[in-house]
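Encoded as structure tokens, the structure appears first; notes follow it.
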């Protein structure tokens, strides 16, 4: 038998390191890293894993695959990495994420609805969940806090005092639009019946 780098022959690697090799692989270490620790080649580590465990589940993902799973762009992961929020391992040109780093990434991407506090989908663009977004589009003003409503009301009153002609003009336009909508609803209702 051929002897390894640390004097162990290939068959005795399994006897000495027993289940540690599979554990190291599951923790996200590359075959090369395990081989360097054990003192054999990465190919021999792969063979040992196949002989004794069949296919070992690897809990590492490359950046592209993780982005696809999380439903976001790779550029978002790159930004988190550059900000130091996540720290994946680099192997050559590629970045790899173990289970802990993937969970950390998922939490870093997670955002919550500003109105109800429900978690938003990772690829969601707005501040509110879809349910609250519909309500916000329909009733924007009620989403404001009481203090914000008071400030808004005061600023509107001040503007109306400073610009009475423009305020009257806008009020008439709004009334026309409302009456137009109302008459259109009546026409549609009459056509249905």
statement: Across segment 94-108, the tally of residues that are over 17 Å from the mean Cα position of the chain (by Cα) and modelled with pLDDT under 80 stands at 0
statement: Out of (1) modelled with pLDDT under 80; (2) assigned by TED's automatic domain parsing to the domain that holds residue 72, the one residue 114 does not meet is (2)
query: Can you tell me which residues in segment 5-27 are modelled with pLDDT of 70 or more and under 23 Å from residue 91 (Cα atoms)?
result: 20, 21, 22, 23, 24, 25, 26, 27
task: Examine segment 125-134 for a residue that is at pLDDT 80 or above and exposed (fewer than 11 other Cβ atoms within 10 Å of the Cβ), and state whether such a residue exists.
output: no
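The values are calculated or read from the model by the stated rules, or taken from the named source; none is laboratory data. All of these numbers come straight from a predicted model, not from anything done at the bench. When we count neighbours, we look across all protein chains shown, and the Cβ atoms used for this are built from the backbone with ideal geometry, even at glycine.
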